[in-house]
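Read through the structure below, which is laid out as structure tokens, and then see the notes.
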Amino acid sequence: MLTFLDKCPKFLFFTGKGGVGKTSLSCASAVYLADQGKKVLLVSTDPASNVGEVFGVTIGNRVTPVPGAGALSALEINPEEAARRYRERLVGPVRGVLPDDVVRGIEEQLSGGCTVEIAAFDEFTALLTDEQLIAGYDHVLFDTAPTGHTIRLLKLPGAWSGFIETNPEGASCLGPLAGLLKQKSLYDHSVSVLSDPKRTRLILVCRGQRSSLSEVFRTAGELASTGLLSQYLVINGLFPLSQSQGDPLAESILRRERQALSEVGPQLSRFPVDRLPLKEYNMVGVDHLRSFFSGEPFRESPSVSPAGGRPAGLPVPEEDSRSSPLEEWLDTLSVAGKGLVMMVGKGGVGKTTMAAAIAVGLARRGFPVHLTTTDPAAHLSRTLSGLPDRLTVSRIDPEEETARYARSVLSDAGKNLDASGLRMLEEDLRSPCTEEVAVFQAFSRTIALADTQFVIMDTAPTGHTLLLLDATGAYHREVVRHTSGEGPVLTPFMRLLDPDRTKIIIVTLLETTPVQEAFSLEADLLRAGITPWGWIFNQSLMVSDSLSPLLGKRALSEERQWEEIRGRIPHPVAFVPVRALEPVGEKELSALLTDGKPPWQPSSRL
């Protein structure tokens, strides 16, 4: 019996980074409970929700029965649409009353992730407080729980109804607080439900990887600090020992997972823990979901050759001339001899490694290169040791930069606030968007180096941050205003808008949720006026050499994913394979540049 489903309470919340399998886990859990004769409602608040695709039925923002799954129904809350309605509820009353530029500033203040969080919380608060609806179900499962930041916001006293109107240029996440007072009693009830272990259980989902484990422990601490203590941990997608023997790539994956888990042993002891093996198939369809916890293979999976790899009879994808190894990208980047190359993407997709590989490649070609990163991982110093003399590295400490930024905001925006207002401002400054702005300001001090050399930037800001820095006057407009008449001004934001100076590269994985998040990030950047230069699909199995049947079937899933999305990406594309050796040092980083190949190119696994 799985620990997290043993004697479970009415409400289960599944949370975790994109790509760790929380949607598959929540859907499989819902089917499992329904098969036990329970009446179940599955609610998704994930911006990249694919619950409808998993069940093969159109769901949307209405309670929809799932065919073939007993008394299971599902509901998808669209956070972006919820945020749009939420913004209009707050901004509508002041439109036509306040100046247009102030209204635009308010709208931008409300365009960030924090607004989406609270708008989504609005939606499922309505569910939690709908006693008549909830009474009709034995269990209600939520795919993607609120963050600790959201809960802290909702637990704060007071109201900020006048803050935005009097501080239209404050570059923070304070906008959402303007409407909280009206909902306070509902929010109080919802937070009490979340904090009650008899009614609610949090399931933290991660992978057996250093970055994923580090992130889930951070999330656990953040939620525990708000009183959400009933936490269970599920380590998903662990490579089965039985599938690893005889294949160097499979054995390498297994070895890395074991090492990562051994390093965090004491932290794991804080939770009830379940470990689930990597599946050879995508979690699509009720039958697949039923087999998720059984430990048995799904019998209708496509057959593969005795050597593993590509299932027999699979059509070979057509060639795509945009695809190339990263080494070929360096030919284009090298022409200018300088410039800014910025890696963007969600956590855990390998941005730091890709940035380091490109930096090494350019340095080996004789160019001076500066690599700047915020990656705090302990292995980074090993990764970058013994590299070319022309490569210099700077590391930005997000905590230090956020503290510096917070002190600046408090001394300015906080000087006229009363004690209650000051406490709320201090709380808001602990949000993720604050760190984003603070880190970008630190990056801004490095961007000017790109006038004389290459600057490779890891962990770039989202389009929302850029718009805050530009549209609200936090950086760009203020610089232009204060230097009017003193000659041309080139701000960091203006550099990012210039494709001759800056190349933005989206890094992602060829899996459903990371791909959807990458498209969302691209839309965010386009809204800021920034067009990505290319996409990197990192850690790809379909361009890796493996004789493992399990990895071969996973590669097939990637190929199908690529066929679905290739028409939506108008930019150059690079595929970087999963490698048996960890990308540490100049030799292994350089290999990442040359090993990538188009998905249709034959390899030993086919």
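The values are calculated or read from the model by the stated rules, or taken from the named source; none is laboratory data. Keep in mind that this is a model prediction, so the values were computed, not measured. Here Cβ is always computed from backbone atoms with ideal geometry, including for glycine, and neighbour counts include all displayed protein chains. Accessible surface areas use protein heavy atoms only, side chains included; no ligands, DNA or RNA. Shrake-Rupley method; radii C 1.70, N 1.55, O 1.52, S 1.80 Å.
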* With a 1.4 Å probe and every protein chain left in place, tell me how much accessible area R258 has, in Å² to the nearest 10. => 140 Å²
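Mind giving me the FRET efficiency for T594 and L241? R0 is 45 Å, r the Cβ-Cβ distance, nearest 0.05 is fine.
Working: r = 32 Å, r/R0 = 0.70.
Approximately 0.90, to the nearest 0.05.
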* **I134 versus V57: modelled label distance in nm, points set 7 Å from Cα along the beta carbon direction** => 2.4 nm
* Label-point separation, A419 to D6 (7 Å along Cα→Cβ), nm -> 4.8 nm
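Please give the FRET efficiency for F519 paired with R218, using the beta carbon to beta carbon distance and R0 = 25 Å, rounded to the nearest 0.05.
On the way: r = 26 Å, r/R0 = 1.03.
Plugging the Cβ-Cβ distance into 1/(1 + (r/R0)^6) gives 0.45.
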* Structure fact -> So D498 and S394, fully extended at 0.36 nm per residue minus their Cα-Cα distance, gain in nm 35.1 nm
* If you rank E588, E327, E263 by how much accessible surface each has, with a 1.4 Å probe, what is the order from largest down? -> E263, E327, E588
* To do: At 1.4 Å probe size, with no ligands or nucleic acids counted, give the accessible surface of S262 in Å², nearest ten.
  => 80 Å²
* **Heavy-atom accessible area order for E88, E257, largest first, 1.4 Å probe** => E88, E257
* Structure fact -> Under the 7 Å Cα-to-Cβ spin-label approximation, R365 and R275 lie apart by a distance in nanometres of 4.4 nm
* Roughly how many Å² of E328 are accessible to a 1.4 Å probe, to the nearest 10? -> 100 Å²
* J(HN,Hα) series, the range 287-294, from Karplus relation 6.51 cos²θ - 1.76 cosθ + 1.60, nearest Hz, glycine and proline x -> 5, 4, 5, 5, 8, 4, 9, 7
* Given H placed on each backbone N at 1.01 Å, which residues far from Y232 in sequence or on other chains put an amide H within less than 5 Å of it? -> L202, I203, L204
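When only the heavy atoms of the protein chains count and the probe is 1.4 Å, how do K338, K503, K7 rank by accessible area, highest first? Working shown, then result.
Working: K338 95, K503 40, K7 180 Å².
Ranked list, largest accessible area first: K7, K338, K503.
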* Structure fact -> Which of K198/K346; K17/K279; K279/K351 exceed 29 Å between C-alpha atoms? The answer is K198/K346
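Please work out whether the range 205-295 counts as rounded, prolate or oblate from its C-alpha gyration tensor, where a ≥ b ≥ c are the square roots of the eigenvalues and a/c under 1.5 means rounded, while otherwise a/b larger than b/c means prolate and anything else oblate? Intermediate values should be presented prior to the final figure.
Numbers: a/c = 2.62, a/b = 1.36, b/c = 1.93.
Verdict is oblate for the range 205-295.
Efficiency by 1/(1 + (r/R0)^6): what FRET value for T531 and E564, r their Cβ-Cβ distance, R0 = 30 Å, to the nearest 0.05?
Details: r = 22 Å, r/R0 = 0.75.
E between T531 and E564, to the nearest 0.05, is 0.85.
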